[in-house]
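Notes to accompany the following structure.
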């Protein structure tokens, strides 16, 4: 089976000056992600996790190596992806519904038919909002929503154009623990139904183990993929699983890898 995401010996320096000095943000990344697979990337701050995301969306081109997404070499920004970040970044002058519809106003093939099909697209957005518990909030503005509600709307906006891949950069990092776990379950349910590819960047190891099929641990900068850990916990996963020994053993194993990475260079083992 052809991999959906295929990084082959990818190195990236942010500009020609750094390239000349061989100062790379990420180096020698090779990984393959299957169709519909959910991966999480963890590692210390500044290790290159967000740089990896920019490479996966075509916002940055590698200095060396190649990236294939959905069988095609990446040569510029991809239209088949949706993205959500730690800050929901909803437009304050637009209602929840209009925020969710925004990609359809911008991205082809929807853009050219948006005015003619607005009613149909609005129905689709309402169904998506309903599925994440935001039914009845379509006409509210962002400032009338809690942080968790804003993040749900942000995920709906990222999925409205039915992307083949969803990229999530610390999407739940600013939320309280209960809201975060609630959103894990919402994301789990959306992914179970639609089976889009997901790349999740997170500092939360419990989040990574609960949601992902595979967790990658990145080294400190320059970022390399040091560990690939398959999470063979049965699906569908319920929150109760996070309190089992089987689950916490995997979290502790990943924590140990990151602990080793974070040790100052030259420190005794």
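Legend: ranking of residues 225, 61 from fewest to most surrounding C-beta atoms inside 10 Å; resulting order 61, 225. Spherically averaged projected area of the convex hull of Cα atoms, the range 84-242: 10.4 nm². Extension gain, residue 87 to residue 113, is 6.4 nm, computed as 0.36 nm per intervening residue step minus the present C-alpha separation.
Shape summary of the range 81-163, radius of gyration then Dmax from alpha carbon positions: 11.7, 33 Å. Applying Stokes-Einstein at 10 °C and 1.306 mPa s to the Kirkwood radius of the range 1-117, computed over alpha-carbon pairs, gives a translational diffusion coefficient of 96 µm² s⁻¹.
Any chance you could give the angle, 0 to 90 degrees and rounded to 10, that helix 118-131 forms with the longest Cα principal axis of the chain? For 118-131 against the chain, the angle is about 60 degrees. Considering the range 167-211, its Cα convex hull presents a mean projected area of 2.9 nm².
For the peptides 100-107, 146-153, 111-118, the ranking by packing is 146-153, 100-107, 111-118, with the highest mean count of neighbouring Cβ atoms within 10 Å listed first.
For residue 8 and residue 232, what does the FRET efficiency come to when R0 = 30 Å and r is the distance between their Cβ atoms, rounded to the nearest 0.05? Working from the Cβ atoms, E equals 0.70. Just the number, please: percent antiparallel of the DSSP beta bridges in the chain, rounded to the nearest 5. Taking every DSSP beta bridge within the chain, about 45 percent pair in antiparallel fashion. Which whole-number percent is the relative contact order of the range 81-163 (Cα, under 8 Å, 6+ apart)? Reported as a whole number, the value is 52 percent.
Binning the alpha carbon pair distances of the range 210-253 at 10 angstrom intervals from zero yields the distribution 24, 48, 22, 6, expressed in whole percent.
Highest mean packing first, where packing is the average number of other Cβ atoms within 10 Å per residue, the peptides 157-165, 3-11, 238-246 line up as 157-165, 3-11, 238-246. Find how much the distance from residue 141 to residue 21 grows on full extension, using 0.36 nm per residue of separation minus their present alpha carbon separation; answer in nm with one decimal. Here the answer is 38.4 nm.
Each 5 Å bin from 0 upward holds the following percent of the Cα-Cα pairs of the chain: 1, 6, 12, 16, 18, 16, 14, 9, 6, 2, 1, 0, 0, 0.
Ordering of 16-25, 252-261 by packing is 252-261, 16-25, highest average first (other Cβ atoms within 10 Å, averaged per residue).
Computed from the coordinates by the stated procedures, all read-outs in this text should not be read as laboratory data. Because the structure is predicted, anything quoted here is derived from the model rather than measured. Positions of Cβ are generated from backbone atoms using ideal geometry, with glycine treated the same way; all protein chains shown enter the neighbour counts.
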